[in-house]
Structure formats: C-alpha cells, structure tokens
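Colleague: Mind having a look at this structure? Questions to follow.
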Amino acid sequence: MANTREIVTKAVVGKGKKSFTTTKTVTPECVPTTILGCWVINHNFKGYRTGNKINIEGSYDVNIWYSCSGDTKTEVVRETTNYLEEVNVPRQDSTDITNEDIIIRSLKQPSCTRAEIVDGKIEYTVQKELGIEIVGDVKVKIAYDEEEDPWEVIMDDVDDSDIQNAEEQIEQEVNEEYLD
C-alpha cells in the first residue's frame with residue numbers, strides 16, 4: 001500500500017534572463033582623435049525584491065584608450081558606472097515570497113560594443129546579459145512503500161588462488177561420460 005508524504009525543500013520558482021544596453025558619454029581631458037580600445041572590468045552586482053519586481057544593483061568600470069593631439073599621444077579615460085535595473089521575473093507558482101533567495105548571474109559580461117567620438121566627447125555603448133533565479137520553499141508530495149526492500153547477500157572477498165582451486169575441483173567432479 002502506497003502512502004504519501006510532503007517534503008519541504010528549496011527549488012527554483014522563478015527564472016529568466018534579460019539583456020541590457022546602456023549608452024553613455026564621457027568627456028576626456030584631451031580632445032580625442034581616434035578610439036584605440038574600450039574594455040569593461042570589475043563588474044559587481046546583487047539582487048533583491050521590491051514589491052513584485054526584482055531590482056539588480058551593480059557597477060562596472062569602463063576604460064577607453066584613445067589618441068589625441070593629432071594621434072601623437074595616447075590617454076586612457078576611466079569611468080565607473082553604477083546601475084539599477086528593475087525586472088519582472090515570471091514565477092512558476094504562487095509560493096511564499098517571504099523566505100526566498102534571489103540569485104543573479106552574469107550570462108554575458110558587460111562589454112563595449114560601440115565607442116565613437118561625437119563633438120569632442122566619447123560616446124560608448126555597453127551591453128550585458130543577466131540571469132535571475134528566484135529560489136523559494138516548495139512542498140513536494142512523494143509516494144512511499146512501507147515494505148522493506150530485500151536484502152542482498154554479501155559475498156566474502158575471493159582472491160585468484162581460490163578461483164583456480166575451485167576451477168580444478170569442478171574439473172575433477174565433471175563426468176564427461178554422463179550422456180553416454
């Protein structure tokens with residue numbers, strides 16, 4: 001006869017991913033002539049719930065390498081960008097939200113996809129993709145059987161000499177004229 005039990009465990013109750021694009025402008029000390037490179041480092045973030053939305057708070061540093069003074073000098077402009085993204089993560093069921101964990105993952109690290117000179121300033125675009133998981137308490141019903149599983153017989157360890165002796169004994173006991 002099968003009975004049921006309820007198990008309370010943690011499970012993913014909401015999951016989603018979203019891409020974000022940000023365009024910003026920075027004014028360097030020296031008027032830029034050519035953009036030589038742009039990279040994004042030191043990405044940090046955390047997530048928390050506010051009402052029905054998940055807020056993701058984070059920051060990253062943007063470093064833009066450029067030439068100036070008629071391409072005779074190079075400089076690097078550094079800027080820290082703070083962001084606050086608000087997302088609505090679809091939930092799989094109506095679980096209790098009082099005891100949940102928000103897990104944020106960077107699925108695509110922030111990277112500079114465009115950097116160009118506009119009116120003596122540098123305009124750049126950064127793209128990132130974040131994955132959001134909501135982990136909460138769920139109840140799982142399982143069926144169980146009260147009958148005990150049969151016991152396996154545990155054999156003693158056997159070495160090669162025991163096997164050889166057993167084979168010799170079997171050969172001596174075999175009657176080859178049995179069918180005659």
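Colleague: Between beta-carbons, use under 12 Å as the cut-off and find the net charge around GLY131, counting Lys and Arg +1, Asp and Glu -1.
Modeller: After counting each charged neighbour, the total is +4.
Colleague: For a quick size check, give me the Cα extents of segment 91-175 along its three principal axes, largest first, whole Å.
Modeller: Per principal axis, max minus min of the Cα coordinates gives 104, 40, 20 Å.
Colleague: Report, in whole Å, the centroid distance computed from the Cα atoms of segment 45-97 and segment 145-174.
Modeller: 66
Colleague: Where the convex hull is taken over the Cα atoms of the chain, what is its projected area averaged over directions, in nm²?
Modeller: It is 26.2 nm².
Colleague: For the chain, what is the calculated [θ] at 222 nm in deg cm²/dmol (nearest 500), taking -39500 (n - 2.57) for each run of four or more DSSP H residues and dividing by its residue count?
Modeller: The helix contribution divided over the chain gives -2500 deg cm²/dmol.
Each value in this text was obtained by applying a stated rule to the coordinates, not by laboratory testing. Worth saying up front: this structure is predicted, and the values here are computed from it rather than measured. When we count neighbours, we look across all protein chains shown, and the Cβ atoms used for this are built from the backbone with ideal geometry, even at glycine.
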